[in-house]
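Presented below is the structure to which this report refers.
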Amino acid sequence: MSSKLCPALLALLPLLYLATPVQAAPSFLCTGKLSPVETAICTDPLLAEADMQLAARYRAALEADPASKAALGNAQRAWLKSRNQACSSEGLNACLLKQYQQRLAELRAAPEEESGANDYAIRLRTGGTVYFNQVLLTCNADSVQLAFPDPNLPMSILANTLQGRGTLSTAWADCPLASGQTIRVKTGNGSPAQAYGRCGAAPETRLSVWVDQRKAIAGLAYAETCNEPLLKTMTLRPDGTDYCVLPSAADSSLLNDAPGQAGNDGCKHIRFSSDAPIDQDEYPTQGSAQPVLGSLSLISSNAQLKPLCERLVAANTRYPLNVPAEVKTPVWQALKVPKPNEGDDVTLSTRGEVEQARFDLDNSGQVGTVYRLEQDNHYFDGSVLAREQPGILTTPFDPHAPDEARAKGVLAFVYQHALVLFEGGKTYLLLDPANRAKDILLVKPTAEGTEEVCVMRRLGETF
């Protein structure tokens, strides 16, 4: 592929809806004799969009720093060469996606990309297109067109999400219309996605729309768990929208309360009101204090331990969850143990290694050895704690049946990871949910189970 990224080619080819599949175009012409890499980029919508985004970012970097033109050009040519050499025919598309992801991370964001630490944001030009969260968005002079392509495509590599399981962020794009009005489309998970859970614990995906800073659509579901699509297309105009539901999704419970007046063709029309107030949450007044996405708030607490809960809240403004430095925690040591055969029941020895420390696990006044196992696989994503007793390391348990596990001396938490801390001579567990939309709990373990001490909640994106 030519190393020249021509500005004239930065506009995407028009998208044809209805009978014609949605297809984005890269930053170069897909004509003539193409290399295998060029062919892959021309035929894969996500690769084409990644190439277009990289071209725009490279051009913006040149405009922002003309003095570094030679260095930027050399770096871009070197990247193109390494991209072609790094990716073979086997797994070509996946390899190219990774190469583009790395290069996009290296180049500074374009001036029009209002990128933050917690979301992916872009201001499009007329004719511009972006793909994120299973939505292909095209910015036209008088409308915004949304299409929902093949749900088997991977989630967009262009969405800058937080690391780890789940995300508190979303992806959004602004489209300035010829009328001077601006339409914003924000997409994301109804509750942050989990890496594991066999789809049963996965969330639906939703979108919200603002017209001139006034919310017009709030949290409309467009994909279910496991990414099953609900919508086909949507056209957004300043005065309203038309969106069409897939026939296969007509009976989805997520669309029971979907807004709009239904037609006979499986589509709905929503008329927008221009009288709605400006959304201060989405568009805060300049200079006003803005809450930090991912920070904690205290929902409820035990009166006696409220100071501890408040310290935990103050110490956590970003993921991952942590315990304040002045709060004591166990000193864990790794212990190698015989690893059971593949396919055997889950035990503390499942990984061939556990951690051990000495403390009073159940606040009974008896200090002893406590074993800890951390898991993050499809079957079990969470923590296990158990006091030392004969055979405990090889005792089988079902993490999804915590009461039965506790009867065997095993304290299991599914979709929660337990951080152990000490306060006032007592042991407490800070339960960090794998799904970041879920509440964070501080509990006190006892011989009978756990007692809730306080509930904390992360500040997430508003839809």
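Please specify each residue of segment 344-379 satisfying the condition of being basic (Lys, Arg) and either outside the structural domain of Lys328 (by TED's automatic domain parsing) or touching a Lys or Arg at 6+ places or on another chain (Cβ under 6 Å) (or both).
Passing the criteria: none in range.
I'd like to verify a number: residues in segment 358-384 that are assigned to a strand (DSSP E or B) and in contact (Cβ under 8 Å) with a residue 60 or more places away in the chain, how many?
Qualifying residue count for the region: 3.
Would it be correct to say that Arg387 is within 30 Å of Ala216 (Cβ to Cβ) and touching a residue at least 24 places away in the same chain (Cβ under 8 Å)?
The answer is no for Arg387.
Only residues that are exposed (fewer than 15 other Cβ atoms within 10 Å of the Cβ) and assigned to a loop (DSSP other than H, G, I, E, B): list them for segment 330-350, please.
Residues satisfying the conditions are Val331, Trp332, Pro338, Lys339, Asn341, Glu342, Gly343, Asp344, Asp345.
Between residues in segment 244-268 that are on the phi > 0 side of the Ramachandran plot and in the same structural domain as Val209 (by TED's automatic domain parsing) and residues that are of a type in the set (A, V, I, L, M) and assigned to a loop (DSSP other than H, G, I, E, B), which pairs lie under 7 Å by C-beta distance while being six or more apart or on different chains?
Qualifying pairs under 7 Å: Gly266/Ala250.
Within segment 408-435, how many residues turn out to be part of a loop (DSSP other than H, G, I, E, B) and under 21 Å from Thr350 (Cβ atoms)?
The total comes to 4.
Identify all residues within segment 394-438 that are surrounded by fewer than 20 Cβ atoms within 10 Å (Cβ to Cβ), among the charged types (D, E, K, R) and either under 19 Å from Asp376 (Cα atoms) or over 32 Å from the mean Cα position of the chain (by Cα) (or both); write none if there are none.
Result: Asp398, Glu404, Arg406, Lys408, Glu423, Lys426, Lys438.
State yes or no: is Ala405 of a type in the set (Gly, Ala, Ser) and in a loop (DSSP other than H, G, I, E, B)?
Criteria not met by Ala405.
Which one of Leu393, Leu421 is in contact (Cβ under 8 Å) with a residue 12 or more places away in the chain, of a type in the set (A, V, I, L, M, F, W, C) and closer than 26 Å to Lys306 by Cβ?
It is Leu421.
Does segment 223-238 contain at least one residue that is under 21 Å from Leu177 (Cβ atoms), modelled with pLDDT of 80 or more and part of a loop (DSSP other than H, G, I, E, B)?
Yes, segment 223-238 has at least one match.
One residue is enough: does segment 36-44 have a residue meeting the conditions in a loop (DSSP other than H, G, I, E, B), under 15 Å from Ala94 (Cβ atoms) and not aliphatic (A, V, I, L, M)?
For segment 36-44, residues in a loop (DSSP other than H, G, I, E, B), under 15 Å from Ala94 (Cβ atoms) and not aliphatic (A, V, I, L, M): present.
When the residues of segment 100-158 are filtered to those that are modelled with pLDDT under 70 and not in a loop (DSSP other than H, G, I, E, B), which remaining residue is surrounded by the most Cβ atoms within 10 Å (Cβ to Cβ)?
The residue in question is Tyr120.
Could you check Pro277 against (1) exposed (fewer than 11 other Cβ atoms within 10 Å of the Cβ); (2) touching a Leu at 6+ places or on another chain (Cβ under 9 Å); (3) not small (Gly, Ala, Ser) and say which number it fails?
The one condition Pro277 does not meet is (2).
Return the residue satisfying two criteria in turn: it lies in segment 61-80 and is surrounded by 16 or more Cβ atoms within 10 Å (Cβ to Cβ) and touching a residue at least 60 places away in the same chain (Cβ under 8 Å), and of such residues it is nearest to Cys95 (Cα to Cα).
Checking each candidate, the answer is Leu80.
Limited to segment 323-343, what total is found for residues that are in contact (Cβ under 8 Å) with a residue 24 or more places away in the chain and out of contact with any Leu (no Cβ under 6 Å at 6 or more places or on another chain)?
Number of matching residues: 7.
The values are calculated or read from the model by the stated rules, or taken from the named source; none is laboratory data. Since this is a predicted model, take the numbers as computed values, not measurements. Here the Cβ is made from the backbone with ideal geometry for all residues, glycine too, and neighbour counts use every protein chain on show.
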